[in-house]
Amino acid sequence: MYLGLDVGGTHTDTVIIGNSGVIAKSKIATTHDNLLSCITDSFSAVLANVDPSQIQRVNLSTTLTTNAIIQNKCEKVGMFVSGGPGIHPASYSIGNFYYIIDGQIDHRGTEITLLNLKQLDKAIKKCKKKGIKVYAVISKFSTRNPEHEQLIAQKLGDVDFISVGHKISGNLNFPRRIATAYYNTAVWRLYNSFSYAVAESLRAWGVTAPVNILKADGGTIPLHISQTMPVESILSGPAASVIGTMALCNITEDAVMLDIGGTTCDIALFADGAPLIEKDGICIDDRNTLVRSLKTKSIGIGGDSVIKINGTTVTTGPERLGMSMAEGGNNPTIIDALNVLKTINFMDTSRSMEGLLALGKKYRLSVDDIANAAITYAMDVIYNEVMAMIEEVNARPVYTIYEFLQGKVIKPKTIYLIGGPAKTLSNLIARRFGLNVKVPQHCQVANAIGAAVARTTVEIELFADTQRCRLLIPNLEVNTRIPAGYTLDNAIDDAKNYMIQYLTTLGVDEKEREIEIVDTYSFNMVKGFETVGKNIRVRCQVKPGILHQCKDILKI
Amino acid sequence: MKAQSSLGVVFFPAFDWAIHPLHPEREERLLYTLDQLNEEGIFDVEGITQYKPGLATLEDIMRTHFCFPDVSSVTTESHLISAGGTIKAAALVLDKIVNKSFALVRPPGHHAMKVVHGARGFCNINIEAVMVEYIRENYPVKKIAIVDTDCHHGDGTQDIYWHDKDILYISLHQDGRTLYPGTGAIHELGGPNALGTTINIPLPPNTSDEGFLMAMKRVVLPILKDFNPDIIINSAGQDNHYSDPITNMNFSASGYAQLTDMLNADIAVLEGGYSIQGALPYVNLGITLAMAGLDYSYVHEPDYAIKDLTQDREITKYIKKLCDKVLQRYEECKKPSFKLMPGNYDVRKKEIYYDTDNIHEMQLESIMVCDQCRGVLKIETTSSVNPLCLGIEIPSGACDQCINEGYRLLDHALAGNRYKYVQLIDRINKKYVMY
C-alpha cells in the first residue's frame, strides 16, 4: 500500500492506494500555523481502517518550506560568495550577512586567483560573533572546479549546517546557485524539526515504510536526503497534480493538464505523455533557483474568481474575495454564473441569481449576458495562457542544426481536466479549445494520488575534460582522474554507473532505475591547428513518473 | 538585476557544424561563451531574453546576392540559420518587441560579396546584408549604418553597398597591408552614386583600447551623426582582441564594451573572433551588458591584470593623423568631383580570390551613373567553378529609366547565349529570378 499526502493552500489531501486502487482518502482543511496538526489528523483519517505495517512507501508533499520562504520565516544565514571575471557578485546579495571573498575560477575550472584567506577569516569571525550558526558557500564556476567552495567550507569548521553550491546542481548559473544555497540553509532548521516530527508521528502509527518528500519536478527524494537538501521540497503542489493526472489517465500523447481550483488554474504540458520540465529551475519569492521543477503556470482564474464589470465589459479574476454567493460569499463569481445558466446546480442557486441581478441592475445588463460574458472571458484567458505557454515551449532555443530542423514541436491532442469544478467546465473547455477533454475519476484528490505514486528522480551532469584528465559530477561529489583517451561512450557509461550507484544508496528499487540520457556533447578542443583534448558533457536523469508497482495496481 | 534597455539575444552556436574539425570556425567556437553567459545567469536578467533564430528563405538570399549556379549550391542549412538569426534580431527590434538585439550566431558573413561562387574568409552569404535587405523590404526604413568592428576588413559588406548611398558602411580594422583580406584603405570611399558612404579606418597592428576609442570618438561618431541613420548595426567581430590567434591587435573585453556603449547600435551581429576561451566569453558578455545598459566595469579577461596593453606613443600619434586624414577624405566627398554623365556605365574590373574554397573569380561590374536613383547594376562574372554568368539588379527606389534599362539588359542576355546563368534582382516588383 502507498500513502500519499499533499498539503495544499486550502486543503490537505491524503490517499492510500492498495491493490484495488484508492482504498482510503481524506480531505481536511490545512492548518497553516501548525502543519503538523493537519498532517497527523490526515494520518488518523486514512490509517484508521488499514494495517499500518502493510504500507510500503509514504510520500509527502508539503508547503512548509515554501511558506517559510515567502513569509520570510528564515534563519539568518552567513553567505560566503566568491566571484570571478564577469558580473560582480555584489549584484546577487541576499540576506543580511553576505560576504564576498576574493578569488577567481574561470569557465574551464582554472583557478585564476587564489582565495583570499585573510578576508575569509575576518568574515568568519564576524559571523560567529553575530551568533550565526548556518552558512551557504558559493563560488563562480564551482561546478567546473569545487575547490574554493570546499576550502571555505573547511575553514568554517564545526557549524550547525553548510550548503555548498556545487552539491545543489551540476548546472551553470551563479546567481541561481547563490539563491538556492541561501534558501536551503535558511529553512534547514525549521524543516528538520518538522521532518523529525512527521517521521515520529508515522512511527507512532506503526508505519515503518520509507518516507519520501515530493519535489517540484514531480519526483521524490528520501526523507533523510531532504534533511540536507530541504530546498528541494519547495513548490511541489502543482507537480503532485501533474503526476496524479498521469496516474489516473494513461497519457501517451501531447497534452495539456488544467487543474482548476477556487482561486487559480494550474497549467502543465505533456510531450508524448511526459510532463515538461523547466529548463533551469523554479522561481520563488522573485528569485530564480536551481530547484528542478515541472513546467507549470498558475493563472488567476478559478471557480471563485469575482465577476467585474467596467462599462459594458465583463471580466473575471485574478482576485478571489471569499466564496461564491451560492456558498454564502458576498460577491458573484464564476460558480454563480454557472448556476444562473443552469450549467450546474450548486448549493444556494437563488443567491447566485440575486448577486447577478444586482450587478445587472447596476450596469443595465441582462443576467444571462453577464454570466455568458464572464464565462467566455474566463475561457479566453485560460485558452490564451495555454497557447502562449505552448508557443514559448516551441520557440525555446536550440543549439544544433539537427535540433533546429528536427526538433519536437508540441501540438496537444487532449486536455486533462482536474480540480473542484472540473466536471462542470469540461464542455466549455472542450468547445473553447476544440479538443477532446477528459476528466479522470477521483480527480478531486489527484494531487494526493500523484504524491503517493511518484517515483524517485535524480538529475546529474557529467563534465569531462580530457586535456586535464578530469571528470566531475558536481552534485554527486564525483571528482576523479580520467585517461586522455577518454571518449563520449566512456562518459555515457560512467554517467549511468554513477547514477545507478547513487540510486542504490537512495534505496531505489532496481525496477525504478530507468535512466535516460538527456543530452550528450563532445567537443574537440583545438589549440593552434591541433586537437588537445575533448570537452564532454553528459546529462542524464531518472525522469518524473509513476512507480512501476503502482502502474500495475492502477492498470496503466 | 534589470536591463535599462531591453535586449533580445538570438543565440545559435551551431554545435554540430564546422568548416573542418580543426578550423577556427568549428563546433567549439561558442561553447565557452555559452558557459559564461549561463553561469552569469544573463538570460535570467529582467529585460534580456534569449530567442531562437528563424530560417532565411531562398527569397531572403536572392534579394541580396547573385549566387551561382544557385543558392543551394553555395549554402548549407547552417548559413540559412545564421542569416535567419540576423533576420530574427532585426524583426525583434523593428516590431518593437525589444529595444535592441544581438545575433550571437555562426557562421559569419562579412567577407561574402554581392556575387557568391563559394566561401571566402569563412563566409558564404553576408548575414548583415541579408538582414539589411530584409529590413528594407519589410519596414519603412531607409537609411541604415553598418559599423564593422571586426579586425578583418569587411570587404564583402563594402562590395555589396559600394554603390548604395542609403547604407553607410564604416569599417575599423587592422591595416590591410598587414592582414587578410588586404583591402580597406582610406581612399576606398564608395562608387560614383554613393561617394562618402563607405568609410575605412585601417588601424596599425598593436592598436589598444585607446586607439579604437579614439577612432570611434573622432571619426565614427561624427560621421554617424552627419549621416543620421534610422538604424545602426554593429558587425561585432571580436578578433581585435589581444589574445586572438590570427590577428595582431590589443583590444580588450572592456574596450569592446565601451565601444558598444559609445556606438549605441540597435542591432549587433557576431562576425569573427577566434580566441574562443580567452576572449569570446568576456567580449560577448561585455557587449551583452553594454547593450542592455548594465554595468560592465567588472568584465575583464583572467589575464587582463598581468598584460601590458598600454598603447605605444608612436601608434597613438599615427592613429591621430589617420583620423584626420579619414575625416578630410570624407569631407572631400561632399564637394563636386569629376564623374561620368548620368546615363553612362561606370565600369570596374575585379579579381576575387575565395581563400576558404580556393576559387578564382573575374568580374566586370557596371553601375549606371544616375542622379535620380541608386542606378541599375550589372555584374558579369566567371570563376574557376562557373562559366560566364550575369547578375542584374534594379535597386529599391529605382527610377523608370533604370527599371527599363534593367529589363533591356535581361532581354538582351536571355536572347543570346553568352551567359550560362542569369539572375535578376528587381526590388521594385520584388522579383528575384534565376534564369
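Scan segment B:241-263 and tell me whether some residue there is assigned to a loop (DSSP other than H, G, I, E, B), without any contact (Cβ under 8 Å) to a residue 40 or more places away in the chain and facing chain A (nearest Cβ under 9 Å).
Applying the first criterion (assigned to a loop (DSSP other than H, G, I, E, B)) to segment B:241-263 yields B:242-249, B:252.
Imposing the further condition that a residue be without any contact (Cβ under 8 Å) to a residue 40 or more places away in the chain reduces the set to none.
Looking through segment B:241-263, none of the residues is assigned to a loop (DSSP other than H, G, I, E, B), without any contact (Cβ under 8 Å) to a residue 40 or more places away in the chain and facing chain A (nearest Cβ under 9 Å).
Can you confirm whether segment B:387-396 contains a residue that is modelled with pLDDT under 95 and either surrounded by 15 or more Cβ atoms within 10 Å (Cβ to Cβ) or part of a strand (DSSP E or B) (or both)? Explain how you work it out, then say what you get.
If we filter segment B:387-396 for residues that are modelled with pLDDT under 95, which is where we start, we get B:396.
From what's left, either surrounded by 15 or more Cβ atoms within 10 Å (Cβ to Cβ) or part of a strand (DSSP E or B) (or both): B:396.
The answer is yes; a qualifying residue exists.
Does B:Val10 satisfy the condition of being outside any loop (DSSP other than H, G, I, E, B), of a type in the set (Val, Ile, Thr), facing chain A (nearest Cβ under 9 Å) and in contact with a strand residue (DSSP E or B) (Cβ under 8 Å, 6 or more places away or on another chain)? Explain how you work it out, then say what you get.
Values: outside any loop (DSSP other than H, G, I, E, B): yes; of a type in the set (Val, Ile, Thr): yes; facing chain A (nearest Cβ under 9 Å): yes; in contact with a strand residue (DSSP E or B) (Cβ under 8 Å, 6 or more places away or on another chain): yes.
For B:Val10, the condition - outside any loop (DSSP other than H, G, I, E, B), of a type in the set (Val, Ile, Thr), facing chain A (nearest Cβ under 9 Å) and in contact with a strand residue (DSSP E or B) (Cβ under 8 Å, 6 or more places away or on another chain) - is met.
All but one of (1) without any contact (Cβ under 8 Å) to a residue 60 or more places away in the chain; (2) closer than 23 Å to A:Pro275 by Cβ; (3) surrounded by 13 or more Cβ atoms within 10 Å (Cβ to Cβ) hold for A:Ala388; state the number of the condition that does not hold.
Result: A:Ala388 fails condition (3) only.
Show me the strands (runs of 3 or more DSSP E) found entirely inside segment A:70-187 where at least 2 residues are within 11 Å of chain B (Cβ to nearest Cβ). Quick ask: steps written out before the conclusion?
On the way: elements: A:77-82, A:98-100, A:111-113, A:134-139, A:161-164.
Counting at least 2 such residues, we get A:111-113.
Would a scan of segment A:458-471 turn up a residue that is away from chain B (no Cβ under 14 Å) and hydroxyl-bearing (Ser, Thr, Tyr)?
Within segment A:458-471, none of the residues are away from chain B (no Cβ under 14 Å) and hydroxyl-bearing (Ser, Thr, Tyr).
Yes or no, residue by residue, for (1) within 30 Å of B:Lys307 (Cα to Cα); (2) crowded, with 16+ Cβ neighbours inside 10 Å; (3) small (Gly, Ala, Ser):
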{"residue": "A:Ser44", "(1), (2), (3)": "no, no, yes"}
{"residue": "A:Ile55", "(1), (2), (3)": "no, yes, no"}
{"residue": "A:Val81", "(1), (2), (3)": "yes, yes, no"}
{"residue": "A:Asn96", "(1), (2), (3)": "no, no, no"}
{"residue": "A:Gly103", "(1), (2), (3)": "yes, yes, yes"}
{"residue": "A:Arg108", "(1), (2), (3)": "yes, yes, no"}
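Quick check on segment A:1-18: of everything there that is of a type in the set (Ser, Thr, Tyr) and outside any loop (DSSP other than H, G, I, E, B), which residue is farthest from the chain's Cα centre (by Cα)?
Filtering segment A:1-18 down to residues of a type in the set (Ser, Thr, Tyr) leaves A:2, A:10, A:12, A:14.
With the extra rule that they be outside any loop (DSSP other than H, G, I, E, B), the set shrinks to A:2, A:12, A:14.
On the way: A:Tyr2: 21, A:Thr12: 18, A:Thr14: 19 Å.
Step by step, filter segment A:1-18, then rank; the result is A:Tyr2.
Are any residues in segment B:165-184 under 26 Å from B:Tyr345 (Cα atoms), touching a residue at least 40 places away in the same chain (Cβ under 8 Å) and surrounded by fewer than 24 Cβ atoms within 10 Å (Cβ to Cβ), and if so, which ones?
Passing the criteria: B:Lys165, B:Asp166.
Can you run down the residue pairs with Cβ atoms below 6 Å, 6 or more apart or on separate chains, where the first is in segment A:66-88 and at positive phi and the partner is in a helix (DSSP H, G or I) and buried (at least 24 other Cβ atoms within 10 Å of the Cβ)?
From segment A:66-88, the pairs are A:Gly86/B:Glu40; A:Gly86/B:Leu285.
Kindly list the number of the only condition in (1) more than 14 Å from chain B (Cβ to nearest Cβ); (2) part of a helix (DSSP H, G or I) that fails for A:Glu391.
All conditions pass for A:Glu391, except number (1).
If you scan segment A:524-542, which residues turn out to be within 10 Å of chain B (Cβ to nearest Cβ), over 10 Å from A:Leu488 (Cβ atoms), in contact with a strand residue (DSSP E or B) (Cβ under 6 Å, 6 or more places away or on another chain) and not β-branched (Val, Ile, Thr)?
Those that are within 10 Å of chain B (Cβ to nearest Cβ), over 10 Å from A:Leu488 (Cβ atoms), in contact with a strand residue (DSSP E or B) (Cβ under 6 Å, 6 or more places away or on another chain) and not β-branched (Val, Ile, Thr): A:Asn524, A:Met525, A:Asn535.
Among B:Phe43, B:Phe15, which is the only one that is assigned to a helix (DSSP H, G or I), within 13 Å of chain A (Cβ to nearest Cβ) and without any contact (Cβ under 8 Å) to a residue 60 or more places away in the chain?
Values: B:Phe15 fails: assigned to a helix (DSSP H, G or I).
Result of the check over B:Phe43, B:Phe15: B:Phe43.
In segment A:19-37, which residues are part of a strand (DSSP E or B) and either surrounded by fewer than 16 Cβ atoms within 10 Å (Cβ to Cβ) or in contact with a His (Cβ under 9 Å, 6 or more places away or on another chain) (or both)?
Of segment A:19-37, the ones part of a strand (DSSP E or B) are A:21-29.
Within segment A:19-37, A:Gly21, A:Val22, A:Ile23, A:Lys25, A:Lys27, A:Ile28, A:Ala29 meet the criteria.
Assess whether B:Lys2 counts as being among the charged types (D, E, K, R), under 19 Å from B:Thr260 (Cα atoms) and either more than 18 Å from the chain's Cα centre (by Cα) or more than 10 Å from every other protein chain (Cβ to nearest Cβ) (or both).
Values: among the charged types (D, E, K, R): yes; under 19 Å from B:Thr260 (Cα atoms): yes; either more than 18 Å from the chain's Cα centre (by Cα) or more than 10 Å from every other protein chain (Cβ to nearest Cβ) (or both): yes.
Taking the combined requirement at face value, the residue satisfies it.
Is segment B:327-338 home to any residue that is in contact with a Pro (Cβ under 6 Å, 6 or more places away or on another chain) and either in contact (Cβ under 8 Å) with a residue 40 or more places away in the chain or not hydroxyl-bearing (Ser, Thr, Tyr) (or both)? Break it down into steps so the answer makes sense when it comes.
Our first condition is that a residue be in contact with a Pro (Cβ under 6 Å, 6 or more places away or on another chain); within segment B:327-338, this holds for none.
So far as segment B:327-338 goes, no, none of its residues is in contact with a Pro (Cβ under 6 Å, 6 or more places away or on another chain) and either in contact (Cβ under 8 Å) with a residue 40 or more places away in the chain or not hydroxyl-bearing (Ser, Thr, Tyr) (or both).
Among the candidates B:Asp371, B:Asp312, B:Asp303, single out the residue that is within 14 Å of chain A (Cβ to nearest Cβ) and in contact (Cβ under 8 Å) with a residue 12 or more places away in the chain.
B:Asp303
If B:Glu365 meets every condition in (1) part of a helix (DSSP H, G or I); (2) away from chain A (no Cβ under 14 Å); (3) buried (at least 19 other Cβ atoms within 10 Å of the Cβ) apart from one, which number is that one?
Here B:Glu365 clears every test but (1).
The values are calculated or read from the model by the stated rules, or taken from the named source; none is laboratory data. Quantities reported herein were computed from a predicted structural model and do not represent experimental measurements. Because the Cβ atoms are built from the backbone with ideal geometry, glycine has one as well, and the counts that use them run over all protein chains shown.
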